[in-house]
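The values are calculated or read from the model by the stated rules, or taken from the named source; none is laboratory data. All values derive from a computational prediction rather than experimental measurement. Glycine gets a Cβ as well: all are built from the backbone with ideal geometry, and neighbour counts include every protein chain shown. Only protein heavy atoms, including side chains, enter the accessible area calculation; ligands, DNA and RNA are left aside. Shrake-Rupley method; radii C 1.70, N 1.55, O 1.52, S 1.80 Å.
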Amino acid sequence: MKSAAGAYERRDFATAIAVWRPLAESGNAEAQTLLGAMYWSGEGVPRDHKEAAKWYLRAAEKGYARAQNDIGFMYGFGEGVPPKDDVQAYKWLSLAVLNYSAKNWERRDQAVKDRASLRARMTPAQIADAERQIRDFRPIP
């Protein structure tokens with residue numbers, strides 16, 4: 001992972017993808033998230049938000065906070081997933097807030113702000129549905 005991160009920083013996207021894709025395909029949540037980010041931005045691969053969402057969702061379902069944040073953002077704006085879904089966006093942003101480690105406080109704080117903005121446009125029934133889904137969430141190994 002470290003060598004791929006170094007390659008990515010040097011903009012050697014082919015090397016980063018060569019390392020991350022097999023790891024992502026074998027279920028590594030961090031690699032899935034990083035591959036999703038490359039598809040999101042079109043770095044080293046064609047820009048494809050549906051493909052980004054696919055990788056983010058796989059990692060989010062494993063409990064990986066950054067992916068939960070990213071897929072929550074995508075659901076909140078309807079990018080790369082079926083039409084905008086505030087319940088799913090709220091669920092994933094809330095799970096990200098719960099799962100971010102202390103070293104990721106900046107990302108966690110942004111997720112808290114994004115969730116608050118989202119909550120302001122949701123109905124009480126939508127919030128209750130999202131809260132139920134959050135309680136019922138179990139990471140996929």
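May I ask you to verify whether ALA65 is over 21 Å from GLY27 (Cβ atoms) and either modelled with pLDDT of 95 or more or not acidic (Asp, Glu) (or both)?
Details: over 21 Å from GLY27 (Cβ atoms): no; either modelled with pLDDT of 95 or more or not acidic (Asp, Glu) (or both): yes.
No; evaluated as a whole, the condition is false for this residue.
Is there a residue in the range 78-85 that is surrounded by fewer than 16 Cβ atoms within 10 Å (Cβ to Cβ) and either assigned to a helix (DSSP H, G or I) or β-branched (Val, Ile, Thr) (or both)?
Taking the range 78-85 as the starting set, the residues that turn out to be surrounded by fewer than 16 Cβ atoms within 10 Å (Cβ to Cβ) are 78-79, 82-84.
Still in the running and either assigned to a helix (DSSP H, G or I) or β-branched (Val, Ile, Thr) (or both): none.
Within the range 78-85 (the criterion being surrounded by fewer than 16 Cβ atoms within 10 Å (Cβ to Cβ) and either assigned to a helix (DSSP H, G or I) or β-branched (Val, Ile, Thr) (or both)), the answer is no, since none of the residues qualifies.
With the structure loaded, tell me whether ALA53 is touching a Gly at 6+ places or on another chain (Cβ under 6 Å) and aliphatic (A, V, I, L, M) or whether it fails that test.
So ALA53 passes the test.
Are any residues in the range 61-77 touching a Ser or Thr at 6+ places or on another chain (Cβ under 9 Å) and either over 19 Å from GLU131 (Cβ atoms) or open to solvent by 20 Å² or more (accessible area, probe 1.4 Å) (or both), and if so, which ones?
Once the filter is applied, which keeps residues that are touching a Ser or Thr at 6+ places or on another chain (Cβ under 9 Å) and either over 19 Å from GLU131 (Cβ atoms) or open to solvent by 20 Å² or more (accessible area, probe 1.4 Å) (or both), the range 61-77 yields TYR64, ARG66, ALA67, ASP70.
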| task | Filter the range 45-77 for residues that are touching an Asp or Glu at 6+ places or on another chain (Cβ under 6 Å) and closer than 22 Å to SER101 by Cα and give the result. | result | TYR56
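Out of curiosity, is LYS2 under 24 Å from TRP105 (Cβ atoms) and without any contact (Cβ under 8 Å) to a residue 24 or more places away in the chain?
Details: under 24 Å from TRP105 (Cβ atoms): yes; without any contact (Cβ under 8 Å) to a residue 24 or more places away in the chain: yes.
When the stated conditions are applied, LYS2 passes them.
Can you work out which of the residues in the range 12-27 that are in contact (Cβ under 8 Å) with a residue 24 or more places away in the chain and more than 15 Å from ILE71 (Cβ to Cβ) is least open to solvent (accessible area, probe 1.4 Å)?
First, pick out the residues of the range 12-27 that are in contact (Cβ under 8 Å) with a residue 24 or more places away in the chain: 13-14, 16-17, 24, 27.
Going one step further and asking which of them are more than 15 Å from ILE71 (Cβ to Cβ), we end up with 13-14, 16-17, 27.
Values: PHE13: 29, ALA14: 76, ALA16: 0, ILE17: 25, GLY27: 24 Å².
Out of the qualifying residues, it is ALA16.
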| said: Could you check the range 6-44 and list, in sequence order, the residues that are small (Gly, Ala, Ser) and either farther than 18 Å from TYR56 by Cβ or touching a strand residue (DSSP E or B) at 6+ places or on another chain (Cβ under 9 Å) (or both)? | reply: GLY6, ALA7, ALA14, ALA18
| What number of residues in the range 29-52 are within 15 Å of TYR64 (Cα to Cα) and free of Cβ contacts under 8 Å to residues at least 24 places away in the same chain? | 1
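Restricting attention to the range 46-60, report how many residues are open to solvent by less than 20 Å² (accessible area, probe 1.4 Å) and either more than 27 Å from GLY76 (Cβ to Cβ) or hydrophobic (A, V, I, L, M, F, W, C) (or both). Lay out the reasoning, then the answer.
Applying the first criterion (open to solvent by less than 20 Å² (accessible area, probe 1.4 Å)) to the range 46-60 yields 52-53, 55-56, 59-60.
Subsequent filtering for residues that are either more than 27 Å from GLY76 (Cβ to Cβ) or hydrophobic (A, V, I, L, M, F, W, C) (or both) retains 52-53, 55, 59-60.
Of the residues in the range 46-60, 5 are open to solvent by less than 20 Å² (accessible area, probe 1.4 Å) and either more than 27 Å from GLY76 (Cβ to Cβ) or hydrophobic (A, V, I, L, M, F, W, C) (or both).
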| field | Test for ARG132: is it basic (Lys, Arg), part of a helix (DSSP H, G or I) and in contact with a helix residue (DSSP H, G or I) (Cβ under 7 Å, 6 or more places away or on another chain) | value | no
